[in-house]
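Written out below as structure tokens is the structure these notes cover.
The values are calculated or read from the model by the stated rules, or taken from the named source; none is laboratory data. Quick caveat, the model's predicted, so the values are computed rather than measured. Don't worry about glycine lacking a Cβ; one is built from the backbone with ideal geometry, like all the others, and counts go over all protein chains shown.
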Amino acid sequence: MAEQDDIGAMAQRFFDAIEAGDIETMRESFAPDAAIWHNTDELIVTRDQTAQTLAGMVARIKDREYADRRLTVFPGGFVQQHVLKGKRTHDDVEVRLPCAIICTVAEGKITRLDEYFDSAHVANFRKYANA
């Protein structure tokens, strides 16, 4: 049970860090060779690529909040469902992105993260990614 408590606390810190724009803490939550998979493009990326992507998101989306968090911890990992909410920095338009994340955890680090988004929500969320 202690392992699951540790995993739950790590998951909380991980999402709190992204919400706060603390990309380094988020990055350090991953094992060095972690695999991060996205259902929308079916690519596997590294923790450094993920850090770069999230740094861009932090620059473009303010007032970030992981709302409606539903965290389920299991031996060796966790699942979290949430809605990422925020406002685009260039025009204050509110955005929201429902998501489900499944993570495998070993020795206190995320070794694999599988990210599930609805592609229509992603398209709207990224509409002004280069603005």
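Here are a few things to note about the model shown:
- Any hit, the range 100-117, residues being part of a loop (DSSP other than H, G, I, E, B) and closer than 20 Å to residue 20 by Cα: no
- Test: residue 40 is in a loop (DSSP other than H, G, I, E, B) and either surrounded by 15 or more Cβ atoms within 10 Å (Cβ to Cβ) or in contact (Cβ under 8 Å) with a residue 60 or more places away in the chain (or both): yes
- Flag for residue 21 being touching a residue at least 40 places away in the same chain (Cβ under 8 Å), farther than 19 Å from residue 109 by Cβ and of a type in the set (Gly, Ala, Ser): yes
Each row is one residue, and each column tells you yes or no for (1) surrounded by 15 or more Cβ atoms within 10 Å (Cβ to Cβ); (2) within 17 Å of residue 101 (Cβ to Cβ).
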residue: 3; (1), (2): no, no
residue: 6; (1), (2): no, no
residue: 19; (1), (2): yes, yes
residue: 25; (1), (2): no, yes
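- Residue match in the range 57-65 (condition: part of a helix (DSSP H, G or I), modelled with pLDDT of 95 or more and farther than 16 Å from residue 9 by Cβ): no
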